[in-house]
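These notes are about the structure you will find just below.
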2 protein chains.
Amino acid sequence: ASCIRLFTDQYVSKTATKTVSEFEYDAPSMKTAVPGPKSQELLRQLGEIQNVGAIHFFCNYEESRGNYLVDVDGNRMLDVYTQISSIPIGYNHPALIKVMTNPNNVSAFVNRPALGILPPENFPEKLFESLLSIAPSGMNRVQTMACGSCSNENAFKSMFIWYRNKERGYASPSEQEVGTCMINQSPGCPDLSILSFMGAFHGRTMGCLATTHSKAIHKLDIPSFDWPIAPFPKLQYPLEEFVRENAQEEARCLEEVEDLIVKWRQKGKPVAGIVIEPIQAEGGDNHASPDFFIKLRNIARKHGCAFHVDEVQTGGGTTGKFWAHEHWGLDDPADIVSFSKKLLTGGYYHRDELQPDKPYRIFNTWMGDPSKNLFLSEVLNVIRRENLLEEVTRSGKALLQGLYSLQTQYPHILSRARGQGTFCAIDACSDATRDSIMLKARNKGLFMGSCGEKTIRFRPALVFKEYHVHQLLNILNDILAEHK
Amino acid sequence: ASCIRLFTDQYVSKTATKTVSEFEYDAPSMKTAVPGPKSQELLRQLGEIQNVGAIHFFCNYEESRGNYLVDVDGNRMLDVYTQISSIPIGYNHPALIKVMTNPNNVSAFVNRPALGILPPENFPEKLFESLLSIAPSGMNRVQTMACGSCSNENAFKSMFIWYRNKERGYASPSEQEVGTCMINQSPGCPDLSILSFMGAFHGRTMGCLATTHSKAIHKLDIPSFDWPIAPFPKLQYPLEEFVRENAQEEARCLEEVEDLIVKWRQKGKPVAGIVIEPIQAEGGDNHASPDFFIKLRNIARKHGCAFHVDEVQTGGGTTGKFWAHEHWGLDDPADIVSFSKKLLTGGYYHRDELQPDKPYRIFNTWMGDPSKNLFLSEVLNVIRRENLLEEVTRSGKALLQGLYSLQTQYPHILSRARGQGTFCAIDACSDATRDSIMLKARNKGLFMGSCGEKTIRFRPALVFKEYHVHQLLNILNDILAEHK
């Protein structure tokens, strides 16, 4: 078939087990510097319509396969950023193409319904088959949304509604509440808050943005809410070598969380919910221990705050479990778990108590997109059939070991290798060095992402195998050797 | 072909010109009361996962055609609500099915890109062919987003960024601004506001929700911003009979707008932008004159506020022009025009000055969905080929005339018929009567929407023809005659 292409691979280590998927390329192949001339011409065209400052290059998605992203100049790169971590099983997976070409599915794409009022016949069945089949423990309910920000915004709203219903003893709202809410005033629009963490990223709409604290460029000039912000533990890596120091740091942060909850209650802006990522991604791939999260969950419970785990970036299998927070072993489940990206649809799971008491409180025109649920069902089939979570665990171990080796070999350039599954990261000695390594890697056919101040983040698809790990490490090694 | 079905139509007036599109049904056909037994069973199933209080019934989208929505119990209804006004050219339009089955398009559906960093090769071309080919005058730039709320949230952010850049004379932000924005504090997160109107609906995420004032259920329990809210003119209909009274009412509201701008500037919360719908939809189909909007635009200009026209519900041709605000004849174009729904993708047009100065200020993972742009291109082809804007004008005239006749015939039940194109509405004497008429109509095969306190809103697709108008009027007439 035209999809199968085999090339000798100059980067592949001899010891790596070579696994060639039926539909994938074998290795990177570079024709021009990136962005090449065609990308540059398209950048000029698009620049007349939009700010193009964030664009890396233009892509030929038709020709991209599996872990390999092909650009418009014919450059083929091993992609370990995967559209900001949103491609679950690689490019053009045959199983997904089948969804598209199945005539039974045409109507779901052509007639996008208003899901909240007129769902399609198969909507409950598809939810059971897709999102509910992977629901985190303790969660029987799910609400789809169009994107990550909308998911978190509506999760926050659910927590506010839940909190106020508790406060008023589940009575009907007063006339004063109904009246004042129409003009944005308390008590109808109450002074409640969400506690978030320094370094967090929960989205960019105005509610989410009030809980995002990763980079100034996201927040500058946008009005915000006076909500409490706790320190996120700054741990030393590898975690297993700094257990005592890290536990102290985590204790310090938890103490601060409790102080802030009390302080904001005294201020008249009680904390309705706590939101946290299992691994702070955009903020620099910051980890914390299961013990930290369990204790945080208990603090939320103790103070009557909802506990919202934002799995937009960590969810979908990339840590080796379907949800990163499953690594914690929580006895008392979270109240809300939000997702997007690799799940192909936004949304959130929640406990029964977090369901709004009335219709139209959590609502919008589309409330997701059932055509995305069709793709998700098939993604889950592939994950199960191909045991991709085991694959991620295996590849992730190889990747992290490789990063440890590189930082041992180049200690003046690299440090703080860390990761769970293939959700890995390593720091460069400066942002300039990080950026230079990334550009060189791109020109050698390895496309990576950055986060935090000087971090490289690895976000491969779930079909990333040990074979690809070795390609990645060899390219990085070549660059670092030259960098010396 | 299996798509062509002809039935005798008991409701069709003998005088109506009967135009049967090649793919459409001929008339409603009812088998059960709505919701029927199958819908009720599915409601029970979905009720275990979500609040289903807003669901009308479950749909068989495969069998729906053109203006007719078929439910899971085999009931076929003339649909003049069209998924909350979001279906542009009817169900299963053959032109859209072709988009789906064109092998060149498969990759756009299967590989959803992060548009802000890695757009597909044809992205600029498709934008020119679709959104830019219908850009409102004065607008050369467009930013796509996933939904209406995200569109307005990002439009607001663009106005805040623009306003602050003006204030600081386009200098770099100070260290203090960069530092304070990370912790949600002024001056980095400044106390700026957006002026909105009582009765407005601009979405449900927290920024949008602070400008939404249509129903308490949307806003109750959600923290908000102290932003100014002006009265929207309460006009008397038909507009041409109350020109003098309406002009006075509009003058009163404009005066209040200027007062609020001054007051909020004095309060230290300057108005960065004014947001308004050309016709308040969710708030009750409230109209205002072109003169009102032209003067409002001038007030925005005078006080240095951006002027944002929210065309999420009015855009896409339903008023007889592609954008409702084109009816005003603005000399000085708006600064931002946002859209979603019938455009199939969210987004907003803006003037050059409103483009953020730096990348990553207006950004998220997906920034829209190029597969929706493919559908939109084809929708625009159909609109042009079939002269649908003329069709809307013709059908709209017949619909409004019919509503005038009904309210003359049933003055104790109906009043205030109003509309532009097919974007029409009529008030019932009470919310109970409105709801009762809607339920009876549904059981006779006419599915309508409501808005405001006691209003029925008509939001048919652009393929709604005079023939369908007569079906609609006959069903309504039957119900009203019984109601007497």
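The values are calculated or read from the model by the stated rules, or taken from the named source; none is laboratory data. Everything quoted here is computed from the prediction, not taken from an experiment. All Cβ positions, glycine included, derive from the backbone under ideal geometry; neighbour counts span all protein chains shown.
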Can you pull out every residue in the range A:416-457 that is more than 24 Å from A:Ile87 (Cβ to Cβ), buried (at least 20 other Cβ atoms within 10 Å of the Cβ) and in contact with a Ser or Thr (Cβ under 7 Å, 6 or more places away or on another chain)? A:Asp427
Looking at (1) within 11 Å of chain A (Cβ to nearest Cβ); (2) assigned to a loop (DSSP other than H, G, I, E, B); (3) crowded, with 24+ Cβ neighbours inside 10 Å; (4) touching a Phe, Trp or Tyr at 6+ places or on another chain (Cβ under 7 Å), find the lone condition where B:Ile194 falls short. (2)
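Please indicate, with yes or no, whether at least one residue in the range B:161-184 is within 18 Å of the chain's Cα centre (by Cα), within 7 Å of chain A (Cβ to nearest Cβ) and either more than 14 Å from B:Gly368 (Cα to Cα) or of a type in the set (Gly, Ala, Ser) (or both).
Looking through the range B:161-184, none of the residues is within 18 Å of the chain's Cα centre (by Cα), within 7 Å of chain A (Cβ to nearest Cβ) and either more than 14 Å from B:Gly368 (Cα to Cα) or of a type in the set (Gly, Ala, Ser) (or both).
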Select the helices (runs of 4 or more DSSP H) contained entirely in the range B:85-150, then report the ones holding at least 3 residues which are farther than 30 Å from A:Gly53 by Cα. B:94-101
Across the range B:206-222, what is the total count of residues that are in contact with a Phe, Trp or Tyr (Cβ under 7 Å, 6 or more places away or on another chain), surrounded by fewer than 24 Cβ atoms within 10 Å (Cβ to Cβ) and among the charged types (D, E, K, R)? 0
Only one residue in A:Glu129, A:Glu125, A:Glu175, A:Glu153 is surrounded by fewer than 20 Cβ atoms within 10 Å (Cβ to Cβ) and in contact with a helix residue (DSSP H, G or I) (Cβ under 6 Å, 6 or more places away or on another chain). Which one? A:Glu129
Please enumerate the residues belonging to the range A:208-232 that are in contact with a strand residue (DSSP E or B) (Cβ under 8 Å, 6 or more places away or on another chain) and at the interface with another protein chain (Cβ under 7 Å from one of its Cβ atoms). A:Ala210, A:His213, A:Pro223, A:Phe225, A:Asp226, A:Trp227, A:Ile229
The helices (runs of 4 or more DSSP H) lying wholly within the range B:205-274 that contain at least 2 residues that are under 26 Å from A:Gly188 (Cβ atoms) and within 22 Å of the chain's Cα centre (by Cα) are B:206-209, B:216-219
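Results for (1) among the β-branched types (Val, Ile, Thr); (2) surrounded by fewer than 21 Cβ atoms within 10 Å (Cβ to Cβ); (3) within 25 Å of the chain's Cα centre (by Cα); (4) farther than 24 Å from A:Thr144 by Cα, shown as yes or no for each residue.
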| residue | (1), (2), (3), (4) |
| --- | --- |
| B:Ile55 | yes, no, yes, no |
| B:Leu69 | no, no, yes, no |
| B:Tyr81 | no, no, yes, no |
| B:Ile84 | yes, no, yes, no |
| B:Tyr91 | no, no, yes, no |
| B:Leu96 | no, no, yes, yes |
| B:Val99 | yes, no, yes, yes |
Is the range A:57-66 home to any residue that is at pLDDT 95 or above and in contact with a Leu (Cβ under 6 Å, 6 or more places away or on another chain)? yes
So which residues in the range B:241-274 are in contact (Cβ under 8 Å) with a residue 60 or more places away in the chain and of a type in the set (Lys, Arg), if there are any at all? B:Lys269
Does any residue of the range B:429-438 turn out to be without any contact (Cβ under 8 Å) to a residue 12 or more places away in the chain and among the aliphatic types (A, V, I, L, M)? yes
